[in-house]
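Peer 1: Below you'll find the structure I mean.
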Amino acid sequence: MTRPPGDSDRDDSSTESGPVVCARCGAQAAQPPPLTWTCSVDKGVRSYFCGTCSRDNLRAIEGRLDSDWW
Ligand SMILES: [Zn+2]
């Protein structure tokens with residue numbers, strides 16, 4: 001989507017292909033993940049959470065957020 005021209009064959013494409021896997025329960029979904037899924041990037045590592053885990057995770061994430069995030 002926001003790829004620089006001529007950069008489509010970089011090895012980061014390996015993380016873009018294949019099904020997305022919930023980092024919590026291991027559920028899989030085809031690309032692109034459903035709207036209920038959540039994508040979070042931590043230290044450059046992308047993690048997906050399914051709808052169920054997103055809800056559970058949201059509370060945990062909000063409880064851990066630094067105040068300056070808001
Ligand atoms: Zn899950």
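The values are calculated or read from the model by the stated rules, or taken from the named source; none is laboratory data. All figures in this text were calculated on a predicted structure; none of them were measured in a lab. Because the Cβ atoms are built from the backbone with ideal geometry, glycine has one as well, and the counts that use them run over all protein chains shown. Just so you know, the surface numbers come from the protein's heavy atoms only, side chains and all, with ligands and any DNA or RNA stripped out. Shrake-Rupley method; radii C 1.70, N 1.55, O 1.52, S 1.80 Å.
Peer 1: Can you list the residues of region 36-60 with backbone N under 20 Å from a point 7 Å past the Cα of Val21, pointing along Cα to Cβ?
Peer 2: It comes to 37-54, 57, nothing else.
Peer 1: Right, here's the next one. Which FRET efficiency value, to the nearest 0.05, do you get for Arg55 and Ala29 by plugging their Cβ-Cβ distance into 1/(1 + (r/R0)^6) with R0 = 22 Å?
Peer 2: 0.90
Peer 1: Still on this structure, please answer the following. Would you mind telling me the share, in percent, of accessible area of region 20-65 contributed by carbon and sulfur at probe 1.4 angstrom? Walk me through the numbers on the way to the answer.
Peer 2: Values: 1770 of 3300 Å².
Answer for region 20-65: carbon and sulfur cover 54 percent of the accessible area.
Peer 1: Enumerate the whole-percent occupancy of each 5 Å bin, from 0 to the last occupied one, for all C-alpha pair distances of region 20-65.
Peer 2: With 5 Å bins starting at 0, P(r) equals 5, 24, 32, 25, 11, 3.
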